[in-house]
Amino acid sequence: MGCCVSTSSRSTCSSGSRGEAVSPLCFEIGFCGTQRTKRTFSDHVITLQNLPSVPNRIFTNGKSRTSCIFTQQGRKGINQDAMIVWEDFMSEDVTFCGVFDGHGPQGHLVACKVRDALPLKLLSSMHSYHSRQNGSGGACLKGDLKKSDGSPEDRLNCLWKETFMKSYKAMDKELRSHPNLDCFCSGSTAVTIVKQGNNLFMGYIGDSRAVMGSKDSNGSMVAIQLTVDLKPDLPREAERIKKCKGRVFALQDEPEVPRVWLPFDDAPGLAMARAFGDFCLKEYGVISIPEFSHRLLTERDQFIVLASDGVWDVLSNEEVVEIVSLAPTRSSAARILVDSAAREWKLKYPTSKMDDCAVVCLFLDGKMDTESDYEEQGLSSATVQSNHSGNAIETDDGQKSELYLPRNFTVRSSEESDSYGRLAAEFEGNVDAVSTEDQNWSGLEGVTRVNSLVQLPRFSEERPNP
């Protein structure tokens, strides 16, 4: 089931009539050989088994050359969020980032599986294209394409769009046939970006979000939302779901949270219109086809924040950008943002269980703090790694007064109703279906994950005739 990417030789780009080797990226896939010793996509085989040994790939709390990442478990059970930054992805000028928010009984396993396998599928798709182009004598062009180039940029954009589409489709197909992972009522969001030079390519499903911090003409920091929260009440999403006989409506006690329901059962109540997994709803309008977009970065663009909805439920885009821009060190920005979200959860929704939070901060100028910055913040590398389990930590509420913050409305603002207690009892008999490693995963949390699913469908009952 795993991906494998391998090549047997390097390719070279030539420029001009003299046929000199040059360093710009290949147009088609963003990498090519040069006279210098550089790691390229063709240098080694990458499989799921040897992912831990791949250099410049981080997925636990910490930092890299150009980014910092941090996740913290909420109050709902096991941490179901996953994240990744992979620098030198394909070539030295390409970076892959992603945040994945799982839901359902095995959502944490789905999120981690997608985190590991999806980048490899992108690599595999690009490698296949590269092989075809080599066989047909495809030309190399520069990777950093300007808008004035017109057609080359369109070709690059179309290539990445096709790559994202194929990779997301292959990822969902693998989850459907996975022998040890039940994704029938479990799934995951995904917000993924590939930065290639000054080109930013984005593919995403679900309600995890990407926001960019950029400076305006006055030098003030502004927030630019790069993705759309794909909720069931978006007109095009609702139309597709209803055409497929799925139902979209909100529960009476949470009218601000539209959900997707089976046509014959008030389940599972998924709070998003697109996701990996969730195969009980795939025939009824929920899809894994990503939204894709391309953006040319400028010198004004400072950083990109990817985060799960545990952050966006309590902090606005503007507040997130402000927190990251004012962080005392770049390497602490993700942790400080998660801590800020934890405080807001306690202030604003004291009767709600805080959701898991995962944050990736990618700094676009390629610069990062030195290791000493961890010590200045009292955050050693060992401490950062030890927090990967994401255990919820108490934070000081301080004297901060409560302010209204825009939400993306996937939060319950009151205690769970009695029906959830009954649902937990019904699910208790099926706890053995969950792997033994998830012993801290209660039946209640496994069913509800309050912000994503309401209950599991009962397929033992006879379906009414349409």
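What follows is calculated from the coordinates using simple rules that are stated; it is not laboratory data. Here the structure is a predicted model, which means the values were calculated and not measured. As a convention, Cβ positions derive from the backbone with ideal geometry for all residues, glycine included, and neighbour counts pool all protein chains shown.
Along the charge dipole of the stretch 226-335, pointing to its positive end and built from +1/-1 on Cβ of Lys, Arg, Asp and Glu, which listed residue (Pro258, Leu326, Tyr284) has its Cα farthest out?
Tyr284
With the crude spin-label approximation of a point 7 Å out along Cα→Cβ, what separation in nm comes out for His178 versus Val228?
Once both label points are built, they end up 2.8 nm from each other.
Non-local amide H neighbours of Met272 (under 5 Å, H modeled in plane, Pro and chain starts lacking H): which ones?
Val260
Three principal axis extents, largest first, for the C-alpha atoms of the stretch 56-119, in Å?
38, 21, 11
For the stretch 263-360, what is the Kirkwood hydrodynamic radius in Å, using each pair of distinct C-alpha atoms?
16.2 Å is the Kirkwood radius here.
To the nearest 0.05, what FRET efficiency results for Asp216 and Leu297 with a Förster distance of 22 Å applied to their C-beta separation?
Computed FRET efficiency for Asp216 and Leu297 comes out at 0.90.
Using Cα centres only, tell me the gap between the stretch 248-297 and the stretch 84-105 in whole Å.
So the separation of the two Cα centres works out to 23 Å.
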